[in-house]
1. Does the range 13-26 include one or more residues that are of a type in the set (F, W, Y), out of contact with any strand residue (DSSP E or B) (no Cβ under 6 Å at 6 or more places or on another chain) and either assigned to a loop (DSSP other than H, G, I, E, B) or surrounded by 15 or more Cβ atoms within 10 Å (Cβ to Cβ) (or both)?
2. Working only within the range 85-96, note down all residues that are within 11 Å of the chain's Cα centre (by Cα) and surrounded by 17 or more Cβ atoms within 10 Å (Cβ to Cβ).
3. Restricting attention to the range 23-36, does a residue exist that is under 12 Å from the mean Cα position of the chain (by Cα), within 21 Å of A85 (Cα to Cα) and not β-branched (V, I, T)?
4. How many residues does the range 53-84 hold that are in a helix (DSSP H, G or I) and either more than 22 Å from F29 (Cβ to Cβ) or over 13 Å from the mean Cα position of the chain (by Cα) (or both)?
5. Name the residues in the range 5-28 that are in contact (Cβ under 8 Å) with a residue 12 or more places away in the chain and over 22 Å from D88 (Cβ atoms), would you?
6. Would you point out the residue of the range 76-96, among those that are closer than 11 Å to C39 by Cα and of a type in the set (A, V, I, L, M), that is modelled with the lowest pLDDT?
7. Of all residues in the range 29-60, count the ones that are of a type outside the set (A, V, I, L, M, F, W, C), exposed (fewer than 10 other Cβ atoms within 10 Å of the Cβ) and free of Cβ contacts under 8 Å to residues at least 24 places away in the same chain.
8. Scan the range 61-96 for residues that are free of Cβ contacts under 8 Å to residues at least 24 places away in the same chain, farther than 24 Å from D42 by Cβ and of a type in the set (V, I, T) and jot them down.
Amino acid sequence: MADKIIVHDPRGFPPKVTGKRLAPRLEGFDDKTIYLVDCLFDNSEAFMEEMQGWFAAHLPKVRTQMIKPRESWVDDPEMRAKVVANGDAAILGVGL
C-alpha cells in the first residue's frame, strides 16, 4: 500500500509512510464523545470552535471535547492516550 501513496511534507523532507487501515466507522454519534483536535495550524482553533458550535446546534446528544498537542509537528503520546481512553472518535483540525 505504501508504494501507492505520495506524501508532500512542508517541512522539506519526505517522512516514511506506512499505510494503515482506517478506524471502523461508528454506528452513530448519539451519546458519544468526539475529541476535536486543534493541530496548532493557523486558525485551526477558530475552526474547531466553529465545529464544536455546529455539533451543539445540530447534534446535541454528542459530547465534544477540544484538545491540543503540546507542540505542532511533534507526536504527543499523552494527548493520544487521553483521546483513546476517553473518546469514541477524533476529528483533526488543520486550520483554514
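The values are calculated or read from the model by the stated rules, or taken from the named source; none is laboratory data. Model, not experiment: these values are computed from the prediction. All Cβ positions, glycine included, derive from the backbone under ideal geometry; neighbour counts span all protein chains shown.
1. yes
2. From the range 85-96, those within 11 Å of the chain's Cα centre (by Cα) are 89-94; that's our starting set.
Result: A90, G93.
3. Taking the range 23-36 and keeping what is under 12 Å from the mean Cα position of the chain (by Cα), we get 34-36.
Subset that is within 21 Å of A85 (Cα to Cα): 34-36.
Now restrict to residues that are not β-branched (V, I, T): 35-36.
Within the range 23-36, one or more residues are under 12 Å from the mean Cα position of the chain (by Cα), within 21 Å of A85 (Cα to Cα) and not β-branched (V, I, T).
4. Applying the first criterion (in a helix (DSSP H, G or I)) to the range 53-84 yields 53-58, 77-84.
With the extra rule that they be either more than 22 Å from F29 (Cβ to Cβ) or over 13 Å from the mean Cα position of the chain (by Cα) (or both), the set shrinks to 53-58, 77-78, 81.
Residues meeting the conditions: 9.
5. Here is the first cut: in the range 5-28, the ones in contact (Cβ under 8 Å) with a residue 12 or more places away in the chain are 5, 11, 17-19, 23, 26.
Residues satisfying the conditions are I5, R11, V17, T18, G19.
6. V94
7. Going through the range 29-60, the residues of a type outside the set (A, V, I, L, M, F, W, C) turn out to be 30-33, 35, 38, 42-45, 49-50, 52-53, 58, 60.
Cutting the leftovers down to exposed (fewer than 10 other Cβ atoms within 10 Å of the Cβ) gives us 31, 58, 60.
Cutting the leftovers down to free of Cβ contacts under 8 Å to residues at least 24 places away in the same chain gives us 58, 60.
Total meeting the criteria: 2.
8. Within the range 61-96, just V84 meets the criteria.
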